[in-house]
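For reference, the structure discussed in these notes is given below.
The values are calculated or read from the model by the stated rules, or taken from the named source; none is laboratory data. What you see is a predicted model; the values in this text were computed from it and never measured. As a convention, Cβ positions derive from the backbone with ideal geometry for all residues, glycine included, and neighbour counts pool all protein chains shown. For the accessible areas, the whole protein counts, side chains as well, though only heavy atoms, and no ligand, DNA or RNA atoms are used. Shrake-Rupley method; radii C 1.70, N 1.55, O 1.52, S 1.80 Å.
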Amino acid sequence: MHEKLQPVRETVIARNPGEKEFIQAVDEVFESLGPVVARRPELLDAAILERICEPERQIIFRVPWVDDQGRTQINRGFRVEFNSALGPYKGGLRFHPSVYLGIVKFLGFEQIFKNSLTGMPIGGGKGGADFNPSGRSDGEVMRFCQSFMTELYRHIGEYTDVPAGDIGVGGREIGYLFGQYKRITNRYESGVLTGKGLSWGGSLVRTEATGYGTVEFARQMLKTKGDDFDGKTVSVSGSGNVAIYAIQLAQSLGAKVVTASDSSGFIHDPDGIDLDILREVKEVERGRINDYVQRRGGQARFTEVGKASLWEVPTQVALPCATQNELNGADARKLVENGVLAVAEGANMPTTTEGVRIFQEADVLFAPGKAANAGGVATSALEMQQNASRDSWTFDYTSTRLTEIMKGIHDTCAAHADEYGQPGNYVAGANIGGFIKVADAMLAQGVI
(Lines give C-alpha, C1' and ligand atoms only; values in the text may rest on other atoms or scores of the structure.)
Protein backbone atom coordinates (compact mmCIF):
# COMPACT_ATOMS: atom_id res chain seq x y z
CA MET A 1 0.00 0.00 0.00
CA HIS A 2 1.27 3.50 -0.89
CA GLU A 3 2.75 5.28 2.13
CA LYS A 4 0.42 8.26 1.75
CA LEU A 5 -2.59 5.96 2.07
CA GLN A 6 -1.44 4.41 5.35
CA PRO A 7 -2.58 7.29 7.60
CA VAL A 8 -6.01 7.24 5.97
CA ARG A 9 -6.25 3.49 6.52
CA GLU A 10 -5.30 3.87 10.20
CA THR A 11 -8.03 6.47 10.64
CA VAL A 12 -10.60 4.18 9.01
CA ILE A 13 -9.61 1.31 11.33
CA ALA A 14 -9.82 3.53 14.41
CA ARG A 15 -13.26 4.83 13.44
CA ASN A 16 -14.71 1.43 12.56
CA PRO A 17 -13.51 -1.00 15.25
CA GLY A 18 -14.36 -4.67 14.84
CA GLU A 19 -15.78 -4.27 11.32
CA LYS A 20 -13.37 -6.69 9.67
CA GLU A 21 -15.28 -7.12 6.40
CA PHE A 22 -15.42 -3.36 5.89
CA ILE A 23 -11.71 -2.96 6.61
CA GLN A 24 -10.96 -5.83 4.21
CA ALA A 25 -12.92 -4.07 1.47
CA VAL A 26 -11.14 -0.75 2.13
CA ASP A 27 -7.74 -2.45 2.07
CA GLU A 28 -8.54 -4.17 -1.22
CA VAL A 29 -9.31 -0.82 -2.86
CA PHE A 30 -6.47 1.13 -1.22
CA GLU A 31 -3.86 -1.40 -2.36
CA SER A 32 -4.70 -0.47 -5.97
CA LEU A 33 -4.71 3.31 -5.59
CA GLY A 34 -1.02 4.06 -5.04
CA PRO A 35 -0.37 4.97 -8.70
CA VAL A 36 -3.47 7.18 -8.73
CA VAL A 37 -2.58 9.31 -5.70
CA ALA A 38 1.03 9.55 -6.92
CA ARG A 39 -0.22 11.02 -10.20
CA ARG A 40 -3.04 13.09 -8.69
CA PRO A 41 -2.07 14.62 -5.33
CA GLU A 42 -5.15 16.87 -5.40
CA LEU A 43 -7.19 13.84 -4.34
CA LEU A 44 -5.26 13.73 -1.08
CA ASP A 45 -5.47 17.49 -0.60
CA ALA A 46 -9.27 17.33 -0.90
CA ALA A 47 -9.48 14.36 1.52
CA ILE A 48 -11.35 12.36 -1.11
CA LEU A 49 -10.20 9.05 0.39
CA GLU A 50 -11.28 9.95 3.92
CA ARG A 51 -14.65 11.14 2.62
CA ILE A 52 -15.28 8.13 0.39
CA CYS A 53 -14.71 5.79 3.37
CA GLU A 54 -17.22 7.63 5.56
CA PRO A 55 -20.88 6.93 4.71
CA GLU A 56 -23.01 9.98 4.06
CA ARG A 57 -25.69 8.44 6.29
CA GLN A 58 -26.01 5.33 8.49
CA ILE A 59 -29.48 4.30 9.62
CA ILE A 60 -30.09 1.58 12.25
CA PHE A 61 -33.56 0.76 13.50
CA ARG A 62 -35.62 -1.75 15.47
CA VAL A 63 -37.90 -4.14 13.55
CA PRO A 64 -40.62 -5.64 15.79
CA TRP A 65 -42.95 -8.28 14.32
CA VAL A 66 -45.22 -11.13 15.47
CA ASP A 67 -44.56 -14.76 14.52
CA ASP A 68 -47.17 -17.44 13.80
CA GLN A 69 -47.27 -18.46 17.48
CA GLY A 70 -48.18 -14.93 18.51
CA ARG A 71 -44.76 -14.16 19.99
CA THR A 72 -43.22 -10.76 19.43
CA GLN A 73 -39.81 -10.93 17.73
CA ILE A 74 -37.23 -8.15 17.48
CA ASN A 75 -34.67 -7.74 14.72
CA ARG A 76 -32.32 -4.94 13.75
CA GLY A 77 -32.58 -3.16 10.41
CA PHE A 78 -29.88 -1.22 8.57
CA ARG A 79 -29.50 1.14 5.64
CA VAL A 80 -26.11 2.67 4.87
CA GLU A 81 -26.33 5.44 2.27
CA PHE A 82 -22.68 5.56 1.37
CA ASN A 83 -22.08 7.86 -1.58
CA SER A 84 -24.38 9.84 -3.86
CA ALA A 85 -21.80 11.58 -6.06
CA LEU A 86 -23.05 9.82 -9.20
CA GLY A 87 -26.75 9.49 -8.43
CA PRO A 88 -29.28 8.22 -5.88
CA TYR A 89 -28.02 5.55 -3.52
CA LYS A 90 -28.48 2.11 -5.08
CA GLY A 91 -27.89 -1.29 -3.54
CA GLY A 92 -29.63 -4.35 -2.20
CA LEU A 93 -31.17 -5.44 1.07
CA ARG A 94 -29.77 -8.58 2.74
CA PHE A 95 -31.86 -10.59 5.22
CA HIS A 96 -29.54 -13.03 7.00
CA PRO A 97 -28.56 -13.74 10.63
CA SER A 98 -24.97 -12.68 9.93
CA VAL A 99 -25.96 -9.11 9.03
CA TYR A 100 -24.48 -6.39 11.21
CA LEU A 101 -23.24 -2.88 10.53
CA GLY A 102 -19.76 -3.99 9.37
CA ILE A 103 -21.16 -6.28 6.66
CA VAL A 104 -23.61 -3.65 5.45
CA LYS A 105 -20.79 -1.09 5.25
CA PHE A 106 -18.52 -3.49 3.36
CA LEU A 107 -21.29 -4.17 0.87
CA GLY A 108 -22.14 -0.48 0.54
CA PHE A 109 -18.49 0.48 0.04
CA GLU A 110 -18.10 -2.14 -2.72
CA GLN A 111 -21.33 -0.87 -4.26
CA ILE A 112 -19.89 2.62 -4.80
CA PHE A 113 -17.27 1.32 -7.23
CA LYS A 114 -19.44 -1.39 -8.75
CA ASN A 115 -22.14 1.14 -9.62
CA SER A 116 -19.55 3.54 -10.97
CA LEU A 117 -18.18 0.86 -13.31
CA THR A 118 -21.61 0.25 -14.86
CA GLY A 119 -21.57 3.75 -16.33
CA MET A 120 -25.11 4.29 -15.00
CA PRO A 121 -26.06 7.35 -12.88
CA ILE A 122 -26.32 5.58 -9.52
CA GLY A 123 -24.56 6.03 -6.20
CA GLY A 124 -23.69 3.37 -3.63
CA GLY A 125 -25.68 2.06 -0.67
CA LYS A 126 -26.71 -1.16 1.04
CA GLY A 127 -29.03 -2.39 3.75
CA GLY A 128 -30.67 -5.34 5.39
CA ALA A 129 -31.53 -7.01 8.67
CA ASP A 130 -30.38 -9.86 10.90
CA PHE A 131 -33.63 -11.67 10.07
CA ASN A 132 -33.57 -15.18 8.62
CA PRO A 133 -36.45 -15.81 6.17
CA SER A 134 -35.44 -19.48 5.83
CA GLY A 135 -38.06 -21.71 7.44
CA ARG A 136 -40.47 -18.83 8.02
CA SER A 137 -44.01 -18.87 6.67
CA ASP A 138 -45.17 -16.42 4.05
CA GLY A 139 -47.22 -14.68 6.74
CA GLU A 140 -44.19 -14.24 9.00
CA VAL A 141 -42.07 -12.92 6.13
CA MET A 142 -44.85 -10.50 5.17
CA ARG A 143 -45.21 -9.16 8.71
CA PHE A 144 -41.45 -8.72 9.03
CA CYS A 145 -41.20 -6.92 5.67
CA GLN A 146 -44.09 -4.64 6.54
CA SER A 147 -42.49 -3.68 9.85
CA PHE A 148 -39.10 -3.18 8.17
CA MET A 149 -40.58 -0.89 5.50
CA THR A 150 -42.60 1.06 8.05
CA GLU A 151 -39.30 2.51 9.22
CA LEU A 152 -37.29 2.40 5.99
CA TYR A 153 -39.87 4.19 3.80
CA ARG A 154 -38.98 7.64 5.17
CA HIS A 155 -35.38 7.27 3.96
CA ILE A 156 -35.90 6.04 0.38
CA GLY A 157 -37.34 7.26 -2.93
CA GLU A 158 -36.65 7.10 -6.65
CA TYR A 159 -34.49 10.27 -6.46
CA THR A 160 -32.99 9.47 -3.05
CA ASP A 161 -32.27 5.80 -2.41
CA VAL A 162 -33.44 2.77 -4.40
CA PRO A 163 -33.04 -0.61 -2.64
CA ALA A 164 -33.19 -4.00 -4.35
CA GLY A 165 -32.78 -7.63 -3.29
CA ASP A 166 -29.73 -9.51 -2.05
CA ILE A 167 -29.29 -12.71 -0.03
CA GLY A 168 -32.62 -13.60 1.58
CA VAL A 169 -34.54 -10.97 -0.35
CA GLY A 170 -36.18 -12.26 -3.52
CA GLY A 171 -39.38 -11.56 -5.40
CA ARG A 172 -41.59 -12.48 -2.43
CA GLU A 173 -39.84 -10.08 -0.08
CA ILE A 174 -39.67 -7.25 -2.65
CA GLY A 175 -43.42 -7.64 -3.20
CA TYR A 176 -44.23 -7.30 0.50
CA LEU A 177 -41.84 -4.36 0.88
CA PHE A 178 -43.28 -2.53 -2.12
CA GLY A 179 -46.86 -3.15 -0.99
CA GLN A 180 -46.16 -1.59 2.39
CA TYR A 181 -44.35 1.38 0.83
CA LYS A 182 -47.33 1.99 -1.44
CA ARG A 183 -49.75 1.70 1.46
CA ILE A 184 -47.86 4.15 3.68
CA THR A 185 -47.07 6.77 1.03
CA ASN A 186 -50.34 6.51 -0.94
CA ARG A 187 -48.52 6.63 -4.26
CA TYR A 188 -47.42 4.12 -6.89
CA GLU A 189 -43.74 5.00 -7.10
CA SER A 190 -42.44 2.09 -9.17
CA GLY A 191 -38.86 3.33 -9.18
CA VAL A 192 -38.42 3.13 -5.41
CA LEU A 193 -37.50 -0.58 -5.46
CA THR A 194 -36.03 -2.80 -8.16
CA GLY A 195 -36.37 -6.52 -8.64
CA LYS A 196 -40.14 -6.18 -8.80
CA GLY A 197 -42.53 -8.63 -10.43
CA LEU A 198 -42.91 -8.32 -14.21
CA SER A 199 -46.61 -7.44 -13.98
CA TRP A 200 -46.04 -4.48 -11.65
CA GLY A 201 -42.97 -2.61 -12.86
CA GLY A 202 -40.23 -5.22 -12.96
CA SER A 203 -37.69 -5.65 -15.73
CA LEU A 204 -37.11 -8.68 -17.89
CA VAL A 205 -33.61 -10.11 -17.35
CA ARG A 206 -33.33 -8.68 -13.80
CA THR A 207 -33.68 -12.14 -12.28
CA GLU A 208 -30.98 -13.55 -14.55
CA ALA A 209 -28.75 -10.48 -14.66
CA THR A 210 -26.13 -11.09 -11.96
CA GLY A 211 -25.46 -14.68 -12.99
CA TYR A 212 -25.52 -13.87 -16.71
CA GLY A 213 -23.27 -10.87 -16.17
CA THR A 214 -20.72 -12.88 -14.20
CA VAL A 215 -20.44 -15.45 -16.98
CA GLU A 216 -20.25 -12.71 -19.62
CA PHE A 217 -17.38 -11.03 -17.78
CA ALA A 218 -15.54 -14.35 -17.52
CA ARG A 219 -16.20 -14.88 -21.21
CA GLN A 220 -14.62 -11.52 -22.04
CA MET A 221 -11.55 -12.43 -19.96
CA LEU A 222 -11.19 -15.78 -21.74
CA LYS A 223 -11.47 -13.99 -25.09
CA THR A 224 -8.30 -12.04 -24.30
CA LYS A 225 -6.51 -15.42 -24.36
CA GLY A 226 -8.29 -16.61 -27.50
CA ASP A 227 -10.45 -18.98 -25.43
CA ASP A 228 -14.12 -19.44 -24.48
CA PHE A 229 -16.47 -21.53 -22.32
CA ASP A 230 -17.06 -24.26 -24.90
CA GLY A 231 -15.83 -27.60 -23.54
CA LYS A 232 -14.78 -26.17 -20.18
CA THR A 233 -15.60 -27.78 -16.83
CA VAL A 234 -16.93 -25.14 -14.43
CA SER A 235 -17.39 -25.02 -10.64
CA VAL A 236 -20.12 -22.79 -9.22
CA SER A 237 -20.86 -22.18 -5.54
CA GLY A 238 -24.28 -21.23 -4.25
CA SER A 239 -27.72 -22.24 -5.50
CA GLY A 240 -29.66 -18.98 -5.46
CA ASN A 241 -30.47 -16.70 -8.37
CA VAL A 242 -26.87 -15.80 -9.13
CA ALA A 243 -25.64 -19.40 -9.17
CA ILE A 244 -28.61 -20.80 -11.08
CA TYR A 245 -28.40 -18.31 -13.93
CA ALA A 246 -24.61 -18.49 -14.05
CA ILE A 247 -25.03 -22.24 -14.50
CA GLN A 248 -27.68 -21.72 -17.17
CA LEU A 249 -25.61 -19.34 -19.31
CA ALA A 250 -22.37 -21.30 -18.90
CA GLN A 251 -24.15 -24.46 -20.04
CA SER A 252 -25.65 -22.66 -23.03
CA LEU A 253 -22.10 -21.63 -24.03
CA GLY A 254 -20.99 -25.25 -24.11
CA ALA A 255 -19.55 -25.63 -20.60
CA LYS A 256 -20.22 -28.47 -18.16
CA VAL A 257 -21.02 -27.12 -14.68
CA VAL A 258 -20.39 -29.79 -12.05
CA THR A 259 -20.99 -28.17 -8.64
CA ALA A 260 -23.48 -26.13 -6.62
CA SER A 261 -23.89 -25.56 -2.88
CA ASP A 262 -25.85 -24.13 0.01
CA SER A 263 -25.13 -23.66 3.72
CA SER A 264 -25.45 -27.41 4.35
CA GLY A 265 -22.76 -28.50 1.87
CA PHE A 266 -22.12 -28.96 -1.84
CA ILE A 267 -23.00 -31.33 -4.65
CA HIS A 268 -20.62 -32.67 -7.28
CA ASP A 269 -22.28 -34.02 -10.42
CA PRO A 270 -19.61 -35.21 -12.88
CA ASP A 271 -22.24 -35.56 -15.61
CA GLY A 272 -23.15 -31.88 -15.31
CA ILE A 273 -25.76 -30.19 -13.13
CA ASP A 274 -29.35 -30.91 -14.15
CA LEU A 275 -30.70 -27.40 -13.87
CA ASP A 276 -34.36 -28.45 -13.91
CA ILE A 277 -33.88 -30.57 -10.80
CA LEU A 278 -31.79 -27.91 -9.05
CA ARG A 279 -34.39 -25.22 -9.71
CA GLU A 280 -37.22 -27.44 -8.52
CA VAL A 281 -35.38 -28.17 -5.27
CA LYS A 282 -34.17 -24.64 -4.54
CA GLU A 283 -36.64 -22.26 -6.20
CA VAL A 284 -39.95 -24.14 -6.01
CA GLU A 285 -39.58 -26.20 -2.83
CA ARG A 286 -36.98 -24.03 -1.02
CA GLY A 287 -35.30 -27.32 -0.03
CA ARG A 288 -31.72 -28.32 0.78
CA ILE A 289 -29.08 -29.08 -1.81
CA ASN A 290 -28.93 -32.76 -0.76
CA ASP A 291 -32.41 -33.25 -2.22
CA TYR A 292 -30.85 -32.81 -5.66
CA VAL A 293 -28.70 -35.92 -5.23
CA GLN A 294 -31.64 -38.07 -4.17
CA ARG A 295 -33.54 -37.16 -7.35
CA ARG A 296 -30.63 -37.06 -9.76
CA GLY A 297 -29.05 -40.42 -8.93
CA GLY A 298 -26.08 -41.53 -11.02
CA GLN A 299 -22.70 -40.24 -9.92
CA ALA A 300 -23.99 -37.10 -8.16
CA ARG A 301 -22.65 -36.82 -4.63
CA PHE A 302 -23.34 -34.58 -1.64
CA THR A 303 -20.63 -33.47 0.81
CA GLU A 304 -21.56 -31.93 4.13
CA VAL A 305 -20.15 -28.53 5.00
CA GLY A 306 -16.77 -28.81 6.73
CA LYS A 307 -15.88 -32.26 5.36
CA ALA A 308 -14.33 -31.07 2.11
CA SER A 309 -14.21 -28.00 -0.12
CA LEU A 310 -16.17 -27.52 -3.30
CA TRP A 311 -13.06 -25.91 -4.78
CA GLU A 312 -11.17 -29.22 -4.61
CA VAL A 313 -13.15 -30.40 -7.66
CA PRO A 314 -10.88 -29.99 -10.74
CA THR A 315 -12.27 -27.36 -13.14
CA GLN A 316 -11.00 -24.80 -15.63
CA VAL A 317 -13.35 -21.96 -14.59
CA ALA A 318 -14.51 -21.13 -11.06
CA LEU A 319 -17.50 -18.90 -10.28
CA PRO A 320 -17.94 -18.26 -6.52
CA CYS A 321 -21.57 -17.11 -6.27
CA ALA A 322 -22.48 -17.69 -2.59
CA THR A 323 -21.15 -15.25 0.01
CA GLN A 324 -18.15 -13.27 1.25
CA ASN A 325 -14.84 -15.00 2.06
CA GLU A 326 -16.04 -18.44 0.96
CA LEU A 327 -12.90 -19.14 -1.11
CA ASN A 328 -9.72 -19.02 0.99
CA GLY A 329 -6.02 -19.41 0.31
CA ALA A 330 -6.03 -23.20 0.56
CA ASP A 331 -8.96 -23.33 -1.88
CA ALA A 332 -7.14 -21.02 -4.30
CA ARG A 333 -4.01 -23.16 -4.18
CA LYS A 334 -6.06 -26.27 -4.93
CA LEU A 335 -7.76 -24.62 -7.89
CA VAL A 336 -4.39 -23.49 -9.25
CA GLU A 337 -2.94 -27.01 -8.82
CA ASN A 338 -5.90 -28.39 -10.74
CA GLY A 339 -5.33 -26.02 -13.66
CA VAL A 340 -7.99 -23.32 -13.23
CA LEU A 341 -7.78 -20.70 -15.99
CA ALA A 342 -10.26 -18.06 -14.82
CA VAL A 343 -12.13 -17.05 -11.67
CA ALA A 344 -15.02 -14.56 -11.73
CA GLU A 345 -16.76 -13.50 -8.52
CA GLY A 346 -20.54 -13.71 -8.72
CA ALA A 347 -20.87 -12.91 -5.01
CA ASN A 348 -19.53 -9.86 -3.15
CA MET A 349 -15.90 -10.38 -2.08
CA PRO A 350 -16.15 -14.21 -1.94
CA THR A 351 -12.36 -14.64 -2.24
CA THR A 352 -10.12 -13.84 0.72
CA THR A 353 -7.16 -11.50 0.33
CA GLU A 354 -4.79 -14.47 0.37
CA GLY A 355 -6.85 -16.26 -2.28
CA VAL A 356 -6.73 -13.25 -4.61
CA ARG A 357 -2.97 -12.99 -4.20
CA ILE A 358 -2.50 -16.67 -5.05
CA PHE A 359 -4.56 -16.37 -8.22
CA GLN A 360 -2.70 -13.28 -9.34
CA GLU A 361 0.73 -14.79 -8.66
CA ALA A 362 -0.28 -17.83 -10.74
CA ASP A 363 -1.44 -15.58 -13.63
CA VAL A 364 -5.02 -16.86 -13.33
CA LEU A 365 -7.57 -14.52 -14.90
CA PHE A 366 -9.34 -13.08 -11.86
CA ALA A 367 -12.38 -10.77 -11.87
CA PRO A 368 -13.41 -9.12 -8.57
CA GLY A 369 -17.09 -8.99 -7.65
CA LYS A 370 -17.38 -5.24 -8.07
CA ALA A 371 -16.77 -5.82 -11.79
CA ALA A 372 -17.97 -9.35 -12.50
CA ASN A 373 -21.27 -9.25 -10.62
CA ALA A 374 -22.26 -5.72 -11.60
CA GLY A 375 -24.85 -7.04 -14.06
CA GLY A 376 -27.49 -7.18 -11.36
CA VAL A 377 -27.29 -3.54 -10.36
CA ALA A 378 -26.86 -2.50 -14.01
CA THR A 379 -30.15 -4.16 -14.89
CA SER A 380 -31.71 -2.59 -11.81
CA ALA A 381 -30.70 0.78 -13.26
CA LEU A 382 -32.34 -0.27 -16.54
CA GLU A 383 -35.47 -1.12 -14.53
CA MET A 384 -35.36 2.38 -13.04
CA GLN A 385 -35.20 3.82 -16.57
CA GLN A 386 -38.26 1.84 -17.62
CA ASN A 387 -40.15 2.91 -14.50
CA ALA A 388 -39.26 6.57 -15.07
CA SER A 389 -40.60 6.45 -18.65
CA ARG A 390 -43.61 4.23 -17.82
CA ASP A 391 -42.22 1.77 -20.35
CA SER A 392 -41.29 -1.91 -20.63
CA TRP A 393 -38.61 -3.46 -22.81
CA THR A 394 -38.32 -6.87 -24.43
CA PHE A 395 -36.09 -9.60 -23.01
CA ASP A 396 -33.81 -9.48 -26.04
CA TYR A 397 -33.40 -5.70 -25.88
CA THR A 398 -32.62 -5.71 -22.16
CA SER A 399 -30.31 -8.71 -22.50
CA THR A 400 -28.41 -6.93 -25.28
CA ARG A 401 -28.03 -3.85 -23.06
CA LEU A 402 -26.71 -6.05 -20.25
CA THR A 403 -24.15 -7.70 -22.53
CA GLU A 404 -22.99 -4.28 -23.75
CA ILE A 405 -22.64 -3.01 -20.18
CA MET A 406 -20.63 -6.04 -19.04
CA LYS A 407 -18.33 -5.73 -22.05
CA GLY A 408 -17.92 -2.05 -21.21
CA ILE A 409 -17.02 -2.87 -17.60
CA HIS A 410 -14.45 -5.41 -18.77
CA ASP A 411 -12.90 -2.92 -21.17
CA THR A 412 -12.87 -0.18 -18.50
CA CYS A 413 -11.04 -2.46 -16.07
CA ALA A 414 -8.54 -3.57 -18.72
CA ALA A 415 -7.89 -0.01 -19.89
CA HIS A 416 -7.27 1.38 -16.40
CA ALA A 417 -5.01 -1.54 -15.51
CA ASP A 418 -2.97 -0.81 -18.63
CA GLU A 419 -2.90 2.96 -18.02
CA TYR A 420 -1.57 2.55 -14.49
CA GLY A 421 1.07 -0.04 -15.31
CA GLN A 422 -0.69 -3.24 -14.25
CA PRO A 423 -1.83 -4.93 -17.47
CA GLY A 424 -4.13 -7.90 -16.95
CA ASN A 425 -4.80 -7.00 -13.31
CA TYR A 426 -8.60 -6.76 -13.22
CA VAL A 427 -8.62 -6.04 -9.48
CA ALA A 428 -6.49 -2.91 -9.95
CA GLY A 429 -8.40 -1.93 -13.08
CA ALA A 430 -11.79 -2.23 -11.37
CA ASN A 431 -10.71 -0.33 -8.27
CA ILE A 432 -9.00 2.47 -10.21
CA GLY A 433 -11.70 2.79 -12.87
CA GLY A 434 -14.51 2.83 -10.32
CA PHE A 435 -12.70 5.20 -7.96
CA ILE A 436 -11.62 7.85 -10.46
CA LYS A 437 -15.14 8.49 -11.74
CA VAL A 438 -16.52 8.92 -8.22
CA ALA A 439 -13.54 11.01 -7.08
CA ASP A 440 -13.88 13.40 -10.00
CA ALA A 441 -17.59 13.88 -9.25
CA MET A 442 -16.83 14.54 -5.59
CA LEU A 443 -14.20 17.13 -6.50
CA ALA A 444 -16.62 18.86 -8.84
CA GLN A 445 -19.39 19.00 -6.21
CA GLY A 446 -17.26 20.55 -3.47
CA VAL A 447 -16.87 19.66 0.19
CA ILE A 448 -20.23 18.13 1.09
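Residues that are among the charged types (D, E, K, R) and open to solvent by less than 10 Å² (accessible area, probe 1.4 Å) within the stretch 150-172 comprise just one, Asp161.
For Ser116, the stated conditions do not hold, so it cannot be described as farther than 30 Å from Gly170 by Cα, of a type in the set (S, T, N, Q) and either crowded, with 19+ Cβ neighbours inside 10 Å or at pLDDT below 95 (or both).
None of Met349, Met384 is under 18 Å from Gly91 (Cβ atoms) and outside any helix (DSSP H, G or I) except Met349.
Whenever a residue of the stretch 7-18 is assigned to a loop (DSSP other than H, G, I, E, B), its partners that are open to solvent by less than 80 Å² (accessible area, probe 1.4 Å), lying with C-beta atoms within less than 8 angstrom and at least six residues away or across chains, give the pairs Asn16/Phe22; Asn16/Ile23; Asn16/Gly102; Asn16/Lys105; Gly18/Gly102.
Give the residues of the stretch 243-271 that are more than 22 Å from the chain's Cα centre (by Cα), among the small types (Gly, Ala, Ser) and closer than 12 Å to Val293 by Cα, sorted by residue number. None - no residue of the stretch 243-271 is more than 22 Å from the chain's Cα centre (by Cα), among the small types (Gly, Ala, Ser) and closer than 12 Å to Val293 by Cα, so the list stays empty.
Quick one: which residue in Val340, Val281 is open to solvent by less than 70 Å² (accessible area, probe 1.4 Å), in a helix (DSSP H, G or I) and among the aliphatic types (A, V, I, L, M)? Just one listed residue meets the conditions, Val281. Taking the residues in the stretch 391-447 that are aromatic (Phe, Trp, Tyr) and not in a helix (DSSP H, G or I) as candidates, determine which candidate is farthest from Leu44 (Cα to Cα). In this case the residue turns out to be Trp393. A search for C-beta distances below 8 Å between a residue of the stretch 297-314 that is part of a loop (DSSP other than H, G, I, E, B) and any residue that is of a type in the set (Asp, Glu), counting only pairs 6+ apart in sequence or on different chains, returns Gly298/Asp269; Gly298/Asp271; Gln299/Asp269; Gln299/Asp271; Ala300/Asp269; Ala300/Asp271; Ser309/Asp331. Checking each residue of the stretch 50-71 against the condition of being surrounded by 15 or more Cβ atoms within 10 Å (Cβ to Cβ) and in a helix (DSSP H, G or I) gives at least one match.
In the condition set (1) out of contact with any Leu (no Cβ under 8 Å at 6 or more places or on another chain); (2) free of Cβ contacts under 8 Å to residues at least 40 places away in the same chain; (3) over 21 Å from Leu341 (Cα atoms), Ala417 is compliant with all but (3). If we scan the stretch 204-218, do we find a residue that is touching a His at 6+ places or on another chain (Cβ under 6 Å) and part of a helix (DSSP H, G or I)? Within the stretch 204-218, one or more residues are touching a His at 6+ places or on another chain (Cβ under 6 Å) and part of a helix (DSSP H, G or I).
Of the residues making up the stretch 360-380, those that are touching a strand residue (DSSP E or B) at 6+ places or on another chain (Cβ under 9 Å), crowded, with 24+ Cβ neighbours inside 10 Å and hydrophobic (A, V, I, L, M, F, W, C) number 5. Is there a residue in the stretch 297-306 that is in contact with a helix residue (DSSP H, G or I) (Cβ under 9 Å, 6 or more places away or on another chain) and under 30 Å from Lys225 (Cβ atoms)? No, there is no match, as no residue in the stretch 297-306 is in contact with a helix residue (DSSP H, G or I) (Cβ under 9 Å, 6 or more places away or on another chain) and under 30 Å from Lys225 (Cβ atoms).
Checked against the criterion of being over 21 Å from the mean Cα position of the chain (by Cα), free of Cβ contacts under 8 Å to residues at least 24 places away in the same chain and either crowded, with 24+ Cβ neighbours inside 10 Å or on the phi < 0 side of the Ramachandran plot (or both), the stretch 126-135 has no qualifying residue. For Ala332, the requirement of being within 21 Å of the chain's Cα centre (by Cα) and not assigned by the TED database to the domain that holds Gly171 is met.
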